[in-house]
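Encoded as structure tokens, the structure appears first; notes follow it.
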Amino acid sequence: MRLRSWLVVGISAALLLGIGAVGISVNRSALRAAETVHRADTLALATNNGGLAEQLLLVSAKELSDFATGRPLSRTPGDPADREALVEYSAKSTFFTYGLVLTDLKGNPINATKSWNMFPDPEAVGRKPVISALALGRPGFSSIMTIKNTFVQAVAVPIVAAGEPVALLYGFIPVTESQLQEYLVKLSDRLHVSMLVDSAGTVGASSRPELIGTLVDSGIISKIGSTDPVFVTYRAADGQSMIATVRGGLPGGWAYVRTQSTATFDGPIRNRSLTINLALLTMLLVGVVGIAVLGYRSQLVRRRAEERFAALVEHAPDVVSVLDAEGRVKYSSPSSKRILGFTAVGSSVFDILHEDDRPQIQQRFAALMEEMGGLERMQVRVRQAGGNNHRWFDFTASNQLHNAALNGIVINARDITDSREMQDRLAHDAYHDPLTGLPNRRRLHERLATSLRSSPVGVLYVDLDGFKPVNDELGHEAGDELLRQVGERLSSVLRPTDVLARVGGDEFVLLLPGVGPADNGAGLCTRLRELIREPFEIHGNEVRIGASIGLHLAAPGERPDDVLRTADQAMYAVKYGPERPGRHRA
């Protein structure tokens, strides 16, 4: 009898040890998968943030190039009109609030927004990326430079006449007040430091402003030229072990860098794994002792362990699910109900996806089923409770059908809705005027090219008369408000297929697809002029302005640039009379 009891105890202990070994194995597998996903997500985040920073740099160069092409400059040294144009643009610019400099092709200053020499030494190291990029026909972005104890970044574009560059226009961004700096401050938290560094390793923007102008670690500097995101480990000045994610290849040799201590990088995942391992080992010890003392205590210990594990999973931010070979959800962590509003266990995963995403996901799921241990990364929209709203998730699917402990397709899903919305907002900003919200010149050009492929287009080029006195007498804020109200007033008469864009300081363009006879366009010009002549209420002041409108009826197949230039010249003839020669835009 005693032997039988010990045999039962031994078998029970062996079974318990086997269960514990499986649990530790699963935990190790989950740890490896979590670390892989964590590192992949960190690299993806660096790629996304670096891409957003790159887009913002390119938008600044686009704005400067639009000014250079849209506001002809005489390029006469010290020309007051040129200086007035530079000062006016700098005051309105989103980026170049520190000032602008016009130079010849050798870098000799011709004109500037400030009377003192605000241009750094031509041999300054920070200018080398600018010169290299301009030589390749691209906008130039400098490294960090210092002008009168102010850290600045220069952006340069060529001024082209008759198809050849004739001068250079430099815009200076005060890095401590730049949009990149504001963006990184918004990303700040106590565990990470996000930075943008130039090719020499000097910090130009940081979620911790006090780091601007300092040098990063030499290990980071050696990876700045890498276009693919990489990890760099190094020792901080205080001896702390650090890890940095570096995504280089930004314009001008810049790089996005995200640093944190290795303890905070690996700690949460490994600590959780260690906690689970310790819990499992404790369960084994208590189980063996409990079986030896009293068999029933094993059930109590197991129940407590299950509750502890469920509590850990319940508060995890990611959704973990296991699917069978048909795509049905066998298990889903409690966080799924918190995020989606329902538990998907028993449902087909394809039924809860957005209908536009299903064909692609079904195809990739079928491919994953053919590869044991295969891994697939995808971004999909998942339906929330009620069926009307969807949230974006980053799925990592691993084929673990061969793993007896899992026997399914393991899905790790992270909610990336906020990140996707940020990308959509930045994409919108790249095609719209920040002041009025209307499409910008880039968006206008694309819409015009599309329309001209198949139908005639009426193009109305609108230039406001009397706008500059409003700016001079009431200030730039009043001028901005007037532009917004003009945009709203013009938008009120558009058809659903029409397009209104702001293409310059006080210039707007209307595209009227399908408009044929000139009488139709002329009548609309008259209505628009009457509409703009009506008084505006600007900060308690009644403001009256007029508009000069040039009309061009473009036939299918015309080049968009030629169409806009013809409409611009028609407006110029209306504004100044046909006897004056028309203006020419580079």
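Ordering E481, E530 by the number of other Cβ atoms within 10 Å of each residue's own Cβ, fewest first, gives E530, E481. Given the Cα-Cα distance of V185 and Q379 and 0.36 nm per residue of separation, how much length would full extension add, in nm? Once the chain is fully extended between V185 and Q379, it gains 67.1 nm. The spacing between the range 523-571 and the range 17-69, judged by their C-alpha centroids, is 47 Å.
A DSSP coil position with no more than 11 other Cβ atoms inside 10 Å describes the following GluC sites (Glu not before Pro) in the range 353-420: E355, E370, E371.
How much length, in nm to one decimal, is gained on full extension between A135 and E210, taken as 0.36 nm per residue of separation minus their Cα-Cα distance? Walk me through the numbers before you get to the answer.
Details: separation 75, 0.36 × 75 = 27.00 nm, distance 3.44 nm.
Extra length from A135 to E210 when fully extended: 23.6 nm.
Computed from label points 7 Å out along Cα-Cβ, the spacing between L285 and Q240 is 3.3 nm.
Counting neighbouring beta carbons within 10 Å and listing from fewest to most, the residues S455, S332 come out as S455, S332.
Multiply the residue gap between M369 and L17 by 0.36 nm, knock off their C-alpha separation, and tell me the result in nm, one decimal place.
Numbers: separation 352, 0.36 × 352 = 126.72 nm, distance 3.23 nm.
Computed gain between M369 and L17 is 123.5 nm.
Near I110, the amide H atoms lying under 5 Å from its own belong to L102, T103, D104; only residues 5 or more places off or on other chains count, and H is placed 1.01 Å from N. In plain terms, if you count all Cα to Cα distances in the range 144-233 and split them into 10 Å steps from zero, the share in each step is 16, 38, 29, 13, 4, 0 percent.
How much net charge surrounds V193 when only the other residues with a Cβ under 13 Å from the Cβ of V193 are counted, with Lys and Arg +1 and Asp and Glu -1?
Working: positive: R190, R208, R258; negative: D189, E210, D217.
Neighbour charge sum, excluding V193 itself: 0.
When the pairs K114/K148; K62/K186; K468/K575; K62/K92 are compared against a 19 Å limit on Cα-Cα distance, K62/K186 fall above it. Placing a pseudo-label 7 Å from each Cα along the Cα-to-Cβ vector at E488 and D79 gives an inter-label distance of 3.8 nm.
When R71, R235 are sorted by how many other C-beta atoms sit within 10 angstrom of their C-beta, beginning with the fewest, the order is R235, R71.
Given a Förster distance of 56 angstrom, what is the FRET efficiency for A404 paired with Q55, based on the Cβ-Cβ distance and rounded to 0.05? It would help to have the intermediate numbers written out before the result.
Values: r = 47 Å, r/R0 = 0.84.
Here the calculated transfer efficiency is 0.75.
Coordinate range of the alpha-carbon atoms in the range 431-576 per principal axis, descending: 47, 31, 27 Å.
Just so you know, all these numbers are worked out from the coordinates, no wet-lab data involved. Since the model is a prediction, treat every value here as computed from it, not as a measurement. Heads up, the Cβs are rebuilt from the backbone with ideal geometry, glycines too, and the neighbour counts pull from every protein chain shown.
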